[in-house]
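The values are calculated or read from the model by the stated rules, or taken from the named source; none is laboratory data. Here the structure is a predicted model, which means the values were calculated and not measured. Don't worry about glycine lacking a Cβ; one is built from the backbone with ideal geometry, like all the others, and counts go over all protein chains shown. Note: accessible area is taken over every heavy atom of the protein model, side chains too, but ligands, DNA and RNA are not part of it. Shrake-Rupley method; radii C 1.70, N 1.55, O 1.52, S 1.80 Å.
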Number of protein chains: 2
Amino acid sequence: MPDVEHQKWWGWGVEGVAFDHTTKPAFAPFVETRVGVNVHTAAVVGRPRFEQLAVPASRATDGQLDSFRKVVGGGNVVLDDELRVVHWAGKSVRDLLRTRAGDFPRVPDVVLYPGTEDEVQRLVTLAHDADCVLIPFGGGSSISGSLSPEPDEQRTVISLDLGRLNQVLDVDEHSGIARIQAGVLGPDLEDQLNARGLTLGHVPDSFKHSTLGGWVATRSSGMQSDKYGDIADIVRGLRMARPGGALVLRDLPSTSSGPSLREMVLGSEGRLGVITQVTVQVHRLPEKRVVLAYMFPDFDRALAAMRGIQRSDAGPAFGRVSDANETSFSLATQKAATTAAKKVSSAGQQGLWRLLRARGWDTNQMCISYICYEGSAQRVAGDRRIVKDIMKRHGAITLGSGPGELYDQKKFDTPYLRDFLLDRSTIGDVSETAAPWSRLAIVRRNVYAAAHGAFESLGRRGFIMCHMSHSYHSGACLYFTFAFVASTSGRTLEEYGRVKDAIQQTFVDSGATLSHHHGVGTEHSAWMPEDVSPEGTAVMRGLFDASDPKNILNPGKILTGPIGS
Amino acid sequence: MPDVEHQKWWGWGVEGVAFDHTTKPAFAPFVETRVGVNVHTAAVVGRPRFEQLAVPASRATDGQLDSFRKVVGGGNVVLDDELRVVHWAGKSVRDLLRTRAGDFPRVPDVVLYPGTEDEVQRLVTLAHDADCVLIPFGGGSSISGSLSPEPDEQRTVISLDLGRLNQVLDVDEHSGIARIQAGVLGPDLEDQLNARGLTLGHVPDSFKHSTLGGWVATRSSGMQSDKYGDIADIVRGLRMARPGGALVLRDLPSTSSGPSLREMVLGSEGRLGVITQVTVQVHRLPEKRVVLAYMFPDFDRALAAMRGIQRSDAGPAFGRVSDANETSFSLATQKAATTAAKKVSSAGQQGLWRLLRARGWDTNQMCISYICYEGSAQRVAGDRRIVKDIMKRHGAITLGSGPGELYDQKKFDTPYLRDFLLDRSTIGDVSETAAPWSRLAIVRRNVYAAAHGAFESLGRRGFIMCHMSHSYHSGACLYFTFAFVASTSGRTLEEYGRVKDAIQQTFVDSGATLSHHHGVGTEHSAWMPEDVSPEGTAVMRGLFDASDPKNILNPGKILTGPIGS
């Protein structure tokens, strides 16, 4: 088997890592009250053993397999059922529910692991000539349905795993750019850059299990995008294998060469070809980094402060604020104090809340905020001074660096919670968007109303929470997390759809986008005409159809409906 | 006639404004020595009177004209020869030479002036149904050949002048965005925004004679792009009329909705439709603004300092540096001192040069640099402190704010110089590019060699100069200006092509782009396969062909060759 790290076939991340509520005493009471599930008593739904699943047989022909083996070698042409199931989907709630149920409408017929860019190019050409469907695969962390074959696909389906293309090829330190193979996972990429004193600074929640190529293909955004930019800003050049040959965009700081091909490849989710190599902006590792926490009396004032920071001369690496619900959740997932120092700190926290209540705060409306300062000692000090004034003006108090360190430590853990909840027949998921500053409050209000409307229509309690992150001159991202107990009727997918659809519809109805950084896939494609207008989808469909007339490049993603429709 | 400001039919800008060398005593000796033309004695080539030109008759049919009149009213359907000639081309050297020679291969048959977005939409649909060619026209300042009909075009050609669509429609001050009609000229746009205490901050050299829609269609960049961004960064949403209806992109700070339609419309030069409305980022007018000048001993140290500023915590609105040739030119176009104070300053300048020579500077290698500081008093002071250190470290001396004020005053005058030189059978033109920091010096060296090779092959002296501006994390723009005396053989176009082509070819051969902010048009289209790779042009052609199967939307621009090729 190729030496490539894969996630669990049944859930997020790697075997042996999971969400653990036992060290977080406030968690169980919180989810019992807010979501309606008692994690101590809820029946744990057994996941099937892999052997119990009926995995459809590969339909790849011997001739096809032979031709693939000639390119990548026999060891890199994989028909193994478990690996084919690992590659059949991403990690959306729908993906997880279907996988756990052994409900695979269509599984890739073969997984290929090319070791060089030339091999990728030859496979793309082969696939085109043999009329095989080609689905590029990075870390498999998509939660937008970007990785599954179409259910009724009759052609041979190849999942092209880029995992062996994981090298930083060269670095131009003077220009601050690095040429990097697309299949490298986040931690491996940062290790290679850090060894040279450099960083990409791109840290999405999926960081540990997603790849550079995947970030580009889905228009990812990392939590430090305020400083380092979205992946669209970070990418300066790239190479993409297409049936006709390599599309090569050189590393340019800016250009006026017509419509941007770089910005067509960004977000293309495999529809235009297979991204093999990316030239990205890299930065010196910052001299200093500190994450400070603040508490606001309410979300309106917190939003105003975040906008104030964006407009100020300060330039923090990130600024985010949780609304009251997410703040409560965040406090409920604190680990129990186990050392004397932590016990003091925990008691101090309770004392602080009492003090704030005495001052007239409604502690149920409190919103926690994290601001990350990076750079020279002087820059960090200057930014802290500017932000301190803004925070004060909007009624916030400073909680210091303790909670910030905690935030930094657990920032990658949240996706594991979904699996924990699913084990207890409870759905947990996320939807995120972006909108102008003037519409953020109304978008949030509308989404809350829509989610609660959906919960109500299901007769379920349901919970939703939100944070704001990723600030831009003209607006910001709102990130929602919701949960509800599934019925035992076997209609979980439909119930999930009711809530998820209500939220997505509210986004576009409220002047927000269908996704700020999770991409489109099949999850969001139904709203594309509302997001970019029907004429916009017509232009985009024209691009896809003209670029891929055989419709072999990850068909069915981004735009709904058959080719030509 | 519609109340729309047009440029001269024969040259840059408006009647009554021209380059005046008589107030600049060092200019004549400079161009005599460096370019080889004596502006006092050179024969002034008379421009033909408009009446002397043979303007091809309009081919629009009565039926077509009637249908246009029904949409926009009779007064906005213009067949006037001079206005048709104003609309036949932009202001490239080729355009100017052909226009002066009355050499019009194809002139638009009619100029239409829609007054509303709805009228634009109806005209686009009409043009499509009647198989008419449609060329959107803003300020007509293109120097890339984006505005002329194809020479052998057999269909009726409409020039669609957006000049009546010139209103700021609404402003969302909280989000820092404004919705603005595409046909507004720079000064009018800034006047409307300034009245609300706001600015767009987009100031290309063409500012006075170019429009918002034109900036978007050509991927313009303004001199203050370091602070405000290129137009691609500034645009958040837009509306574009297409035969099938309006393509509408909402005002979003960021989105992951597949390949970016926004970035397809940007730079599309009319190939995808007619941009009618743009939502842009706007900013509060800065409290303080100062442009300081610095002098470097040589260009290498100046480049290193510009990169140093980009990497620093300072964020000036612009930083530019002229190479030694451009510095000499800049000094040669200073106005003669007419007041006592200016005479002292002028004498002081001579004294300063003597002092620098005494310190070991080669004053022939000196490079002048301008840095613009904007924002709060505190921000300006902080940035100045940081830059001062960087400048000192790279051997520069500060010249104060006097030259900066001068620079600010004359920044829009340079294009008039081309007409002045053309009157004296001398070609003056510009080519600009962008490249990573590590390649800027070599790009400049190669371009100098290529230009001088071309001059030599023509047997002409020739002059070339360069400045660096528009800093990005990974590189910057190099902007070249060149001049040479044309032969009297009537082969001026060919001679011009020899020099221009040599420079453009050197750009792409040296890892630089074919244009940083002038667009492609027909001037640069031959190098598109080298700039974005043949696969890249294939994808782009697919986009154009699929989006405009009748090939009526400004055909022949950006990509060379007939549709489908």
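Couple of notes before you dig in:
- Beta bridges from DSSP with both residues in region B:122-252: antiparallel share about 65 percent, rounded to the nearest 5.
- Pairs exceeding 22 Å between alpha-carbon atoms, taken from B:Lys24/B:Lys411; A:Lys91/A:Lys411; B:Lys343/B:Lys410; A:Lys342/A:Lys388: A:Lys342/A:Lys388.
- For region B:221-250, residues shielded by at least 20 square angstrom of accessible area compared with the chain on its own, probe 1.4 Å: B:Arg242, B:Gly244, B:Leu247, B:Val248, B:Arg250
- Accessible-area composition of region A:339-394, carbon plus sulfur, in percent [1.4 Å probe]: 51 percent
- Per-residue mean of C-beta atoms belonging to partner chains within 10 Å, peptide B:261-272: 5
- Ligands, DNA and RNA left out, the 1.4 Å accessible surface of region A:435-565 is 55% carbon and sulfur atoms.
- Mean ellipticity per residue at 222 nm, deg cm²/dmol - from DSSP H runs of n ≥ 4 across chain B, formula -39500 (n - 2.57): -11000 deg cm²/dmol
- Accessible area of region B:37-122 divided out per residue, in Å², using a probe of 1.4 angstrom: 42 Å²
- Solvent-accessible area buried by B and A, counting both chains, probe 1.4 angstrom, square angstrom: 5900 Å²
- Nonlocal amide H pairs with A:Leu198, under 5 Å, H built at 1.01 Å: A:Leu285
- A simple rule links phi to the HN-Hα coupling: the Karplus curve 6.51 cos²θ - 1.76 cosθ + 1.60 with θ = phi - 60°, which for region B:290-304 gives 9, 10, 9, 9, 9, 10, 9, x, 7, 6, 4, 5, 5, 4, 4 Hz, with x for Gly and Pro.
- For region B:200-260, trypsin sites (Lys or Arg not before Pro) are listed when DSSP marks them as loop and at most 13 other Cβ atoms sit within 10 Å of their Cβ; the list is empty.
- Remark: accessible surface ordering of A:Arg242, A:Arg155 (largest first) is A:Arg155, A:Arg242, probe radius 1.4 Å.
- For region A:1-107, with all protein chains in place and a probe radius of 1.4 Å, 50% of the accessible heavy-atom surface sits on carbon or sulfur.
- Relative to the longest principal axis of the Cα atoms of chain B, helix B:492-509 runs at roughly 70 degrees.
- Our summary gives region A:179-222 a relative contact order of 50 percent, counting only alpha carbon pairs under 8 angstrom and 6 or more residues apart.
- Between the residues B:Met264, B:Asn76, B:Val499, the greatest Cα displacement towards the positive end of the dipole of chain B, with unit charges on the Cβ of Lys, Arg, Asp and Glu, is found for B:Val499.
- For region A:311-323, backbone phi angles converted through the Karplus equation (6.51, -1.76, 1.60; θ = phi - 60°) give residue-by-residue couplings of 7, 7, 7, 7, x, x, 6, 8, x, 9, 9, 8, 6 Hz, Gly and Pro being listed as x.
- A simple spin-label model places pseudo-atoms 7 Å from Cα toward Cβ; at A:Asp152 and A:Asp300 they are separated by 5.2 nm.
- Around B:Val37: net Lys/Arg minus Asp/Glu count, Cβ-Cβ under 10 Å: +2
- Here region B:414-479 and region A:19-54 have alpha carbon centers that stand 68 Å from each other.
- Ranked by solvent-accessible area (1.4 Å probe, protein heavy atoms only, all chains present), the residues B:Val17, B:Val44, A:Val78 order from largest to smallest as B:Val44, B:Val17, A:Val78.
- The residues of region A:157-195 listed by number as losing at least 50 Å² of accessible area in the complex, against the isolated chain and with a 1.4 Å probe, are A:His174, A:Ser175.
- By the rule of a C-alpha distance below 18 Å, with chain neighbours fewer than 8 residues away ignored, the aspartates and glutamates paired with A:Lys500 are A:Asp95, A:Asp419, A:Asp429, A:Glu432, A:Glu456, A:Asp509, A:Glu523, A:Glu530, A:Asp531.
- For B:Phe318, residues with placed amide H under 5 Å, excluding near neighbours: B:Cys372
- Of the residues in region B:505-540, those shielded by at least 50 Å² of accessible area once partner protein chains are present, compared with the chain alone at a 1.4 Å probe, are B:Glu535, B:Val539, B:Met540.
- Multiplying the residue separation of B:Thr338 and B:Glu287 by 0.36 nm and subtracting their alpha-carbon distance yields 15.2 nm.
- Region A:186-300: relative contact order as a whole-number percent, Cα under 8 Å and 6+ apart: 29 percent
- Once the Cα-Cα distance is subtracted from the 0.36 nm per residue extended length, the A:Asp191 to A:Met1 segment shows a gain of 66.0 nm.
- Rounded to the nearest 5, the antiparallel percentage of DSSP beta bridges internal to chain A is 85%.
- Stretchable slack from A:Gln349 to A:Arg69, in nm (0.36 nm times residue separation minus alpha-carbon distance): 94.7 nm
- Surface exposure of region B:305-408, expressed per residue as accessible area with a 1.4 Å probe, stands at 48 Å².
- Using C-alpha pairs under 8 Å with a sequence gap of at least 6, the mean separation divided by the residue count of chain B gives a relative contact order of 16 percent.
- With all protein chains kept in place, the per residue accessible area of region A:443-565 amounts to 31 square angstrom at a probe of 1.4 angstrom.
- Taking trypsin sites (Lys or Arg not before Pro) across region A:270-361, the ones in a DSSP loop with at most 10 further Cβ atoms lying within 10 angstrom of their Cβ are A:Arg359.
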